[in-house]
Amino acid sequence: MARDFDVVELGPTDHPTAGDVAPDFTRPLVGDEFWEDVSLSDLTAASPVLLVFHPMDGSFPATYIWNELRDRAWDADHDVTVVGLSISTPYAHKRFIHERGLEYSLFSDPGNAVADAYDVVNDLDGMTGISEPRPAVFLLDEDRTVRYAWVAEAWPDFPDYDAVESALSAG
Amino acid sequence: MRYAGLTRHSDEAADGPSMSHPSSDTDPTITLYRLQACPFCERVVRRLDELGLDYRSRFVEPMHSSRDVVKRLTGKRTVPAIVDERTGVTMSESAQIVAYLEATYGGKA
């Protein structure tokens, strides 16, 4: 008997995995007060980085993911900078940061080229011309070497937060 | 830790989050606080470009009430505003900024 809802399976990807060096990029990084161009390598130079690709601000997966990341507050007891990335504009990011009470900054990439570089593009059915990143999490060392990677294989799908936490603790 | 900007200005240290970020020799010494599509900001941008000065752009919101970062620096919420780490100068008002840039860097190109 068919179930009455569909979880869409996403195709295979060639995303960076543990041991790979993650692609560098520069995009506006939006905080609670301003945004400015920042390179991923600027962040990794200072500490390990948890790079979180998320669906556009306002979607329920984005809300769920960031509520969880906010509540887990990994940066409080781990040496890590947590940053997000979505196709939402800097203005939308600023609203989202305030609405969700985030103490994290979010990269803005409306062109979705960063997701393309990481091979985590999700073309959105029914929103012609719009693609965004699949939900994905990359834990990067100071030289952008991937220590842990998780990429959604279905839509919707959510990170394995406990696995991320284990990877953080293992570092 | 939370990202808190590429460099730390002394004025921000008192109020800002407790994170510092290393700055490298290649970081621009001038930070321009600007609003998208603001003609007064573009005037400063044009002068910076004409003088060949490297600068970092930080964009703020149209709503004045959302510009506490600028207020902490200059005492006002207006943009454009600049911070020049080389000289320690912080100022707002485009005419004043343009005059400052001209006086400080105009003859050195």
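Observations on the structure shown:
- At R0 = 25 Å, FRET efficiency that the Cβ-Cβ distance of A:Glu153 and A:Asp24 yields, to 0.05: 0.45
- Taking B:Val98, B:Val83 and counting other C-beta atoms within 10 Å, the order from fewest to most: B:Val98, B:Val83
- Overall form of the range A:28-170 per C-alpha gyration tensor (a/c, 1.5; a/b vs b/c): rounded
- Two numbers describe the Cα atoms of the range B:28-105: Rg and Dmax, which are 11.4, 33 Å.
- Averaged over residues, the count of other Cβ atoms within 10 Å places the peptides A:158-169, A:113-124 in the sequence A:113-124, A:158-169, highest first.
- Global geometry of the range B:22-73, whether rounded, prolate or oblate, following the gyration tensor of its Cα atoms and the 1.5 cut on a/c: oblate
- The 3J(HN,Hα) values that the Karplus relation (6.51, -1.76, 1.60; θ = phi - 60°) gives for the range B:43-55 are, in residue order, 4, 5, 4, 4, 5, 4, 5, 4, 7, x, 8, 7, 8 Hz. Gly and Pro appear as x.
- Chain A: most fluctuating residue of A:Val49, A:Val80, A:Val38 per GNM, C-alpha cutoff 10 Å: A:Val38
- The slack between A:Glu142 and A:Asp14, meaning 0.36 nm per residue of separation minus the straight C-alpha distance, is 43.8 nm.
- Each helix, a run of at least 4 DSSP H residues, gives -39500 (n - 2.57); summed and divided by the residues of chain A, these come to -7500 deg cm²/dmol at 222 nm.
- Each of B:Glu61, A:Glu132 was scored by other Cβ atoms within 10 Å of its Cβ. Arranged with the fewest first, they read B:Glu61, A:Glu132.
- Additional length obtainable on full extension of the chain from B:Arg46 to B:Val89, 0.36 nm per residue less Cα span: 13.5 nm
Read-outs throughout are calculated quantities, based only on the coordinates presented, and are distinct from any laboratory measurement. Quick caveat: nothing in here was measured; it's all calculated off a predicted structure. Neighbour counts are summed over all protein chains in view; Cβ atoms, including those assigned to glycine, are modelled from backbone coordinates with ideal geometry.
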